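**Student:** Before we start, here is the structure in question, set down as structure tokens.
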Amino acid sequence: MARRVNTKFLTILTVSVVGILLVGLVAHRFMTKESPEGYIARGTQLMQEKKYEEAVKQLEKAAALDQKNPSLLVAYGDALNQLSPNDVEYMRKAREAWDRALQVDPKTLYRWRQLDAFARAVQHRHDELRSGLSQRLSTLIDPALEIMAEHMKNPYDRARFRAAHAVLRLVKRRQTIETE
């Protein structure tokens, strides 16, 4: 005598097992929270290796996972700041990250100011910006003075202007020698 397979029972059993597995996977996905520590470690390592674009990606993932960690937000801002000479948008994002760090913990700025490393970093960045500005201005001064000299009509004024221009060049050379 041939046995009959109960297809209705097997269908219900299969759907139940698949349903339980799906519920378990979804629960596991939502119950376990991804940890930012791995991203922080990798981002910090990349910062030390001066691979700032990759560090930004890693620290951005970590910051998305832990939005209440001011040290992490500061590190993320620092990584973005390293890219700011290439694109001003990075400076805006860095500022936003630092502002978020201050919103999370207003004492963060006070703690930074207590660190000698922070003071040195601020001074170093200030010196970099001032040096860059000085170089840009010096490249603009000579052409501007030449144009002004060409447009002077009175020969006496033109001679006085050229003498002043020569003095400025001597001062510029002296400053260049002193900085070397």
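Please treat every number below as a calculation from the coordinates, not as lab data. Keep in mind that this is a model prediction, so the values were computed, not measured. As a convention, Cβ positions derive from the backbone with ideal geometry for all residues, glycine included, and neighbour counts pool all protein chains shown.
**Student:** So for each of 122-131, 85-94 I average, over its residues, the number of other beta carbons within 10 Å; can you give me the resulting order with the highest mean first?
**Tutor:** Going by the mean number of other Cβ atoms within 10 Å, highest first, we get 85-94, 122-131.
**Student:** Can you tell me which of Ser134, Ser84, Ser35 moves the most in a GNM of the chain? Springs connect C-alpha atoms under 10 Å apart.
**Tutor:** Maximum fluctuation in the GNM of the chain, among the listed residues, is at Ser134.
**Student:** Would you calculate a helix-derived [θ] at 222 nm for the chain, using -39,500 (n - 2.57) for each DSSP H run of n ≥ 4 and dividing by the full residue count, to the nearest 500?
**Tutor:** -28500 deg cm²/dmol
**Student:** Among Leu25, Leu80, Val104, whose Cα projects farthest towards the positive end of the dipole of the chain, with charges put on the beta-carbon of Lys, Arg (+1) and Asp, Glu (-1)?
**Tutor:** Leu25
**Student:** Can you give me the span-like helices of the chain, meaning DSSP H runs with 30 Å or more of Cα extent along the axis and Kyte-Doolittle mean at or above 0.5?
**Tutor:** 7-31
**Student:** Given R₀ = 30 Å, FRET efficiency for Gln45-Gln135 by Cβ-Cβ distance, to 0.05?
**Tutor:** 0.35
**Student:** Additional query: When averaged across all projection directions, what area in nm² does the alpha-carbon convex hull of region 37-114 cover?
**Tutor:** With every direction weighted equally, the projected area is 4.9 nm².
**Student:** Treat every Asp and Glu Cβ in region 126-179 as -1 and every Lys and Arg Cβ as +1, leave all other atoms uncharged, and give the resulting dipole magnitude about the Cα centre to the nearest 20 debye.
**Tutor:** 240
**Student:** Here's another thing I want to ask about it. Starting from the eigenvalues of the Cα gyration tensor, five times each then square-rooted, give me the equivalent ellipsoid semi-axes of the chain, largest first, whole Å.
**Tutor:** Calculated on Cα positions only, the semi-axes equal 66, 21, 13 Å.
**Student:** Over the Cα atoms of region 126-179, what Rg and Dmax result, in angstrom?
**Tutor:** When restricted to the Cα atoms of region 126-179, Rg and Dmax are 13.6, 43 Å.
**Student:** Where Lys and Arg each count +1 and Asp and Glu each count -1, what net charge lies around Arg100 among other residues with Cβ under 15 Å from its Cβ?
**Tutor:** Net charge in that neighbourhood comes out at -1.
**Student:** Moving on. Projected onto the charge dipole of the chain (+1 at Lys/Arg Cβ, -1 at Asp/Glu Cβ, origin at the Cα centre), which of Ser131, Pro143, Leu10 gives the Cα projection farthest towards the positive end?
**Tutor:** So the residue we want is Leu10.
**Student:** Moving on. Can you flag which of Lys51/Lys172; Lys57/Lys107; Lys61/Lys107; Lys93/Lys172 are past 32 Å Cα-Cα?
**Tutor:** Correct reply: Lys51/Lys172; Lys93/Lys172.
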